[in-house]
1. Take the conditions modelled with pLDDT of 85 or more, in a helix (DSSP H, G or I) and under 11 Å from the mean Cα position of the chain (by Cα) and apply them to THR54. Does it pass?
2. Would you please list the contacts, defined by Cβ atoms under 6 Å and residues six or more apart or on different chains, that run from a residue in the stretch 111-123 that is under 16 Å from PHE29 (Cα atoms) to a residue that is modelled with pLDDT under 85?
3. Check the stretch 84-92 and report whether any residue there is over 14 Å from the mean Cα position of the chain (by Cα), surrounded by 13 or more Cβ atoms within 10 Å (Cβ to Cβ), part of a helix (DSSP H, G or I) and without any contact (Cβ under 8 Å) to a residue 12 or more places away in the chain.
4. I'm trying to understand the selection: among the residues of the stretch 96-121, which are aliphatic (A, V, I, L, M) and either in contact with a strand residue (DSSP E or B) (Cβ under 8 Å, 6 or more places away or on another chain) or surrounded by 14 or more Cβ atoms within 10 Å (Cβ to Cβ) (or both)?
5. Does the stretch 62-107 hold any residues that are modelled with pLDDT of 90 or more and of a type in the set (A, V, I, L, M), and which are they?
6. With the structure loaded, tell me whether PHE29 is part of a helix (DSSP H, G or I), farther than 27 Å from PRO4 by Cβ, without any contact (Cβ under 8 Å) to a residue 40 or more places away in the chain and of a type in the set (Phe, Trp, Tyr) or whether it fails that test.
7. Where residues in the stretch 24-51 are among the β-branched types (Val, Ile, Thr) and either modelled with pLDDT of 90 or more or under 15 Å from ALA84 (Cα atoms) (or both), which of them is farthest from the chain's Cα centre (by Cα)?
Amino acid sequence: MSSPTSTGVDARLASVLCYAGWWVTGLVFLFAERRNSTVRFHAAQSLLVFGPITVALFLSGGASAIAFFVAAPTFQTLQALGNAIWFAAVFLWLLLLLKTWRGEDVRLPVAGAIAMKIGRFLN
């Protein structure tokens, strides 16, 4: 991570910031960073991980709001599902923030492989 960044931010800090705002900061750094491949990787991985999680939370919340008026057991099940997704997302977010700040290279199974390809494609 010692190579310079085009944003002027330290590479380790920029990598952490890619996760700080979930997919939003990942998207910002994906297009703002032009030189540092590590920062671009973390930006792409953030986008690929937290984008679908955000969609899943949105859909779960919408479905539970509809189920509130239809059937109480369905509502409770969807609420539990949404809470489980939220808990897992926050745990993953904190884990990625901490490990990236420590300088560890965290490559999630599917998102990491795709993020590597995106980083190479956009260079």
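1. On the way: modelled with pLDDT of 85 or more: yes; in a helix (DSSP H, G or I): yes; under 11 Å from the mean Cα position of the chain (by Cα): yes.
In short, yes.
2. Sorted first by the residue in the stretch 111-123, then by its partner, the pairs are GLY119/SER37.
3. No, every residue in the stretch 84-92 fails to be over 14 Å from the mean Cα position of the chain (by Cα), surrounded by 13 or more Cβ atoms within 10 Å (Cβ to Cβ), part of a helix (DSSP H, G or I) and without any contact (Cβ under 8 Å) to a residue 12 or more places away in the chain.
4. Within the stretch 96-121, LEU96, LEU97, VAL106, LEU108, ALA111, ILE114, ALA115, MET116, ILE118 qualify.
5. Matches in the stretch 62-107: ALA84, ILE85, ALA88, ALA89, VAL90, LEU92, LEU94, LEU95, LEU96, LEU97, LEU98.
6. Criteria not met by PHE29.
7. Looking at residues that are among the β-branched types (Val, Ile, Thr) and either modelled with pLDDT of 90 or more or under 15 Å from ALA84 (Cα atoms) (or both), I get VAL28.
The values are calculated or read from the model by the stated rules, or taken from the named source; none is laboratory data. Just so it is clear, the model here is predicted, and its values are computed rather than measured. A quick note on method: Cβ atoms are made from the backbone with ideal geometry, for glycine too, and the neighbour counts reach across all protein chains shown.
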